[in-house]
Every structure is written in structure tokens, then in C-alpha cells.
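The values are calculated or read from the model by the stated rules, or taken from the named source; none is laboratory data. Only a predicted model underlies this, so the values are computations on that prediction, with no experimental measurement involved. Neighbour counts are summed over all protein chains in view; Cβ atoms, including those assigned to glycine, are modelled from backbone coordinates with ideal geometry.
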Amino acid sequence: MRILLAEDDFATRKYMSKFLSKYGDCDVTVDGMEAVDAFMLALEEGEGYELICLDVMMPVMDGYQALKGIRDIEKERNIPPEKMAKIIMTTVLNEEKHVKMAFELGCTVFSAKPLDVNRFEDALRRLGLIEEK
């Protein structure tokens, strides 16, 4: 699996990168703009991401803007829904308005921080990205 992680906090980025790397190749960016650029580059190389993990609060471009940008690119390129990247929003902002906005913009899963590894792995299983235990 090809994975893109966008996380501005160093400790969280290091932890998430190590965790995700056991499931596939994990590219790491530090803000939303880098994430959108990496996503576009991957598509142009014909090797899109199957999973994208976006932090909500990031500099330059936040996770919501990055999510919208990625979904807009997929629509422009007529990528069918079943081929679109699975996008998991990761954030400490777990109030209903944040969750609602993320889903309205097209996120697949909303995961609160601190990350619960078991729940995160369950979400990956439900998405068909990793095999059952």
C-alpha cells in the first residue's frame, strides 16, 4: 500500500510514520500544501496513494483545505469513487462541527488524537486496506 502522511508536529509525525510504515511505503509531508503537491506528483507518476492521513491543524494549508484540494483533483481527473484515496483525518479537534466538516469535504474516516492504534487498525480493516487478524 502507498501511504501519504501530512502532520506538522514532529513527535506525532515520527510516531505515525513508524506505525504506518508496517503497512506500506509511507511518504511524509509537514503541511497541507506539501500533501496536495505529493498527491499530484504521485498521480502523474501513475502511483497514487491508497491511504492519506491528514492532520487538521497545519501551517500553510490546513487539513480541510488539503482534503478539498485532493478531492477536487480526483474529480477533475474523473477518478471513480472506488479508486479514490481513502482519507483519514487525524486531529485533537473532535467536536461535532469539525467531524461534520471533514465528512462534507470527503474524508473517509475521522480519527481523534491521541491515536488509538487498535481503533485505527480496525478502521484500516473496515476500509479493506489491511487484512483481518
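Yes or no, residue by residue, for (1) at pLDDT 90 or above; (2) surrounded by fewer than 19 Cβ atoms within 10 Å (Cβ to Cβ):
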residue	(1), (2)
ASP72	yes, yes
ASN78	yes, yes
ALA85	yes, no
ILE88	yes, no
GLU96	no, yes
ALA102	yes, no
LEU105	yes, no
VAL109	yes, no
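Do we have ASP55 as under 11 Å from the mean Cα position of the chain (by Cα) and of a type in the set (D, E, K, R) here? Judged against the criteria, ASP55 is a match. I'd like to check something: does segment 56-70 contain any residue that is hydroxyl-bearing (Ser, Thr, Tyr), at pLDDT 95 or above and more than 22 Å from VAL117 (Cα to Cα)? Within segment 56-70, one or more residues are hydroxyl-bearing (Ser, Thr, Tyr), at pLDDT 95 or above and more than 22 Å from VAL117 (Cα to Cα). In segment 1-35, what residues are β-branched (Val, Ile, Thr) and more than 13 Å from LEU51 (Cα to Cα)? If the condition is that a residue be β-branched (Val, Ile, Thr) and more than 13 Å from LEU51 (Cα to Cα), then THR12, THR29, VAL30 are the ones that fit.
For segment 111-133, which positions are of a type in the set (A, V, I, L, M, F, W, C) and touching a Ser or Thr at 6+ places or on another chain (Cβ under 8 Å)? Step through it out loud before you land on a result.
Within segment 111-133, the subset of a type in the set (A, V, I, L, M, F, W, C) is 112, 115, 117, 120, 123-124, 127, 129-130.
Within segment 111-133, ALA112, LEU115, PHE120, ALA123, LEU127 meet the criteria.
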